[in-house]
Each structure stands twice: as C-alpha cells, then as structure tokens.
Amino acid sequence: MKYSVCLDALFFDLKYFGASPENFLKGMKLAKEAGFDAVEFWGWEKKDIPSIVRAKGEFGLDIAAIATKFISLCDASVRKGYLDGLRETIPVAEKLRCKTIISPAGKAMDGVSRDDQRQSIVAGLKEAAKLLEAANVTLVLEPLNTLVNHPDQFLSTSREGFEILDEVGSPNVKLLYDIYHQQIMEGNLIATITKHIKQVGHLHAAANPGRNEITGGEINYREVLRAVAETGYGGYCGLEYMPKKDLATGLKEAFELMNEAVPIA
C-alpha cells in the first residue's frame, strides 16, 4: 500500500478550489518533508499543471489521483459534457503520469426515479470505460456521505457503488472507498473493504467525527490499514482531511501512524 496527501483538502479554506498556486507547491514540499511520496488533488482546471510537473520532479513526488470535471452522471442529458470533460482530463493525467481519475456520481435529481438515475450512471460509465481502457487509466467512482457533508448527492454507500461497478463491468472503473464517508453511512469498514478489495481503486482517510487528522476520532486507522494491507492491496490511501493542527505537524503525525501500521516498502 502507498500513501498520498490530498492538498486541496488541506488548503480548502483558501477557496482556490483548494490551494493557491504558491501554497499548492508549498504543500507538495510539506508532504515530502513529512515522508510522503505522493500527493493528489481535486479539480485541475485552475491548477498550474506545468509548475506541478516541475515540482513533482524536484521533490520526487508522484501524483496519485486527480478529479475529472464535476458533471453529473445521474443526468443523461449532460452525459456528453461529462465524457468531454473526461477527454480533457485524461491528457492532463498523462502529463502528470497519474493513473487514477476521481469522479463522484453527481447530485440527485428531483422528479426522476432513482432507478433511472442509476441506469444513467451505469450507461455513462460504460461509455467512459472505452476512453479509460484506451488510455490505460482508472476512474474511481466515489460515494459521498449524505448525512453530514453532501446531502444532495445520489451515491452515498459503497454497497450501491459496488453494485454499479458490477453492472459496468470494466477493470478500468473501480470505487474510491472513502473511509470517513463510509464510517458515517455504513460502518463495518474492514469487512466491507476486504470483501470488495478487487473493486477498490483508491482509498481516502480522515477522522470521524470532524473530518480532521486521522490521529483522532473514533476510527482505528492502524487496524483498518493493517487489514487492507493484508489483502495485498497495492494502491494508494490518500489523506483527505480538513486540518485542525499546523499542517507540517499534522502531516508528520499522520505519516508516523500510517507507517507504523503498514511500513512503506
């Protein structure tokens, strides 16, 4: 298992869809100094991609994941926009040598049945899979909790997410299992992750309650990470939290916990 840091989450309060260009590069440096070998981020449109490419080489960092444009998969009428956004995102991922693209399902639609929205997601992902397979990249569909942070989202549970993946049937479409979100929605973390590990393409981690540093809260991250590692999972677990502590301190403490649970090879 490998570890990364979602810099947009750490710099979320700056409202530059995460981080100003200067602070983003500062965050890359802080992540490396804390021991991490990879970072990730959400939207790429406002990022200075050439400077990130240069910085990743300078700091010796990989880019674990980026997000595609947030266009709903639930609405078949905007599917072309979603696919066009993915066509724009894939070359950016290639420039960054990033193999994972993050996508939520989108907001639930009023006046449209849940089954119709789900079938739109499946149909959209089947079309997306053709692009992903040709580019040899993986899209990870992310369920988001609807009880605390994202009340308007369609997809909130890993259970339904895995069912959608079964219908899509592509090795290049997997799930982003966000441990924080799924602790809120489902619990039963270790059993669920390990049962479906072949369909998990990326993990996110934050404490619950609060979505802060993983060194606090009710989730025993040492045991969760150890259980995941025992499955042979070789992907990333990315820190995606809103910091309460000084950034450098919080990152170093998180790295110590993660490396203690599952040492980086």
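The values are calculated or read from the model by the stated rules, or taken from the named source; none is laboratory data. Small disclaimer: the values here were computed from a predicted structure and weren't measured. In this analysis, Cβ positions are derived from the backbone assuming ideal geometry, glycine residues included, and neighbour counts consider all displayed protein chains.
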Would you mention how many residues in the stretch 104-129 are assigned to a helix (DSSP H, G or I), within 12 Å of Cys74 (Cα to Cα) and among the aliphatic types (A, V, I, L, M)? 4
Only unsatisfied item for Gly35, checking (1) surrounded by fewer than 15 Cβ atoms within 10 Å (Cβ to Cβ); (2) among the small types (Gly, Ala, Ser); (3) farther than 19 Å from Glu160 by Cβ, is (1)
Hey, could you check the stretch 181-202 for residues that are touching a residue at least 40 places away in the same chain (Cβ under 8 Å) and crowded, with 21+ Cβ neighbours inside 10 Å and say which is farthest from Gly216 (Cα to Cα)? Gly201
Test Asp178 against the criterion of being in contact (Cβ under 8 Å) with a residue 24 or more places away in the chain, in contact with a strand residue (DSSP E or B) (Cβ under 6 Å, 6 or more places away or on another chain) and surrounded by fewer than 15 Cβ atoms within 10 Å (Cβ to Cβ), and give yes or no. no
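In this structure, is Lys198 at pLDDT 95 or above and part of a strand (DSSP E or B)?
Working: at pLDDT 95 or above: yes; part of a strand (DSSP E or B): no.
Taking the combined requirement at face value, the residue does not satisfy it.
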Condition check: of a type in the set (Val, Ile, Thr), touching a helix residue (DSSP H, G or I) at 6+ places or on another chain (Cβ under 9 Å), free of Cβ contacts under 8 Å to residues at least 60 places away in the same chain and part of a strand (DSSP E or B). Does Ile52 satisfy that? no
Checking the condition within 23 Å of Trp44 (Cα to Cα), crowded, with 21+ Cβ neighbours inside 10 Å, within 15 Å of the chain's Cα centre (by Cα) and not charged (D, E, K, R), which residue from Leu125, Leu144 passes? Leu144
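Yes/no matrix, rows are residues, columns are (1) more than 20 Å from the chain's Cα centre (by Cα); (2) loosely packed, with under 14 Cβ neighbours inside 10 Å; (3) farther than 22 Å from Phe255 by Cβ:
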| position | (1), (2), (3) |
| --- | --- |
| Ile52 | no, no, no |
| Leu73 | no, no, yes |
| Val78 | yes, no, yes |
| Ile101 | no, no, yes |
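Kindly check whether there is at least one residue in the stretch 11-18 that is in contact with a helix residue (DSSP H, G or I) (Cβ under 7 Å, 6 or more places away or on another chain), outside any strand (DSSP E or B), more than 22 Å from Ser103 (Cβ to Cβ) and at pLDDT 95 or above.
No, every residue in the stretch 11-18 fails to be in contact with a helix residue (DSSP H, G or I) (Cβ under 7 Å, 6 or more places away or on another chain), outside any strand (DSSP E or B), more than 22 Å from Ser103 (Cβ to Cβ) and at pLDDT 95 or above.
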Of everything in the stretch 64-103, what is in a strand (DSSP E or B) and touching a strand residue (DSSP E or B) at 6+ places or on another chain (Cβ under 6 Å)? Give them in sequence order. Ala64, Ala65, Ala67, Thr100, Ile101, Ile102, Ser103
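Can you tell which of Ile90, Ile71, Ile66 is modelled with pLDDT of 95 or more, β-branched (Val, Ile, Thr) and touching a Cys at 6+ places or on another chain (Cβ under 6 Å)? If you could, list the steps in order and put the result at the bottom.
Values: Ile90 fails: touching a Cys at 6+ places or on another chain (Cβ under 6 Å); Ile71 fails: touching a Cys at 6+ places or on another chain (Cβ under 6 Å).
Exactly one of Ile90, Ile71, Ile66 is modelled with pLDDT of 95 or more, β-branched (Val, Ile, Thr) and touching a Cys at 6+ places or on another chain (Cβ under 6 Å), namely Ile66.
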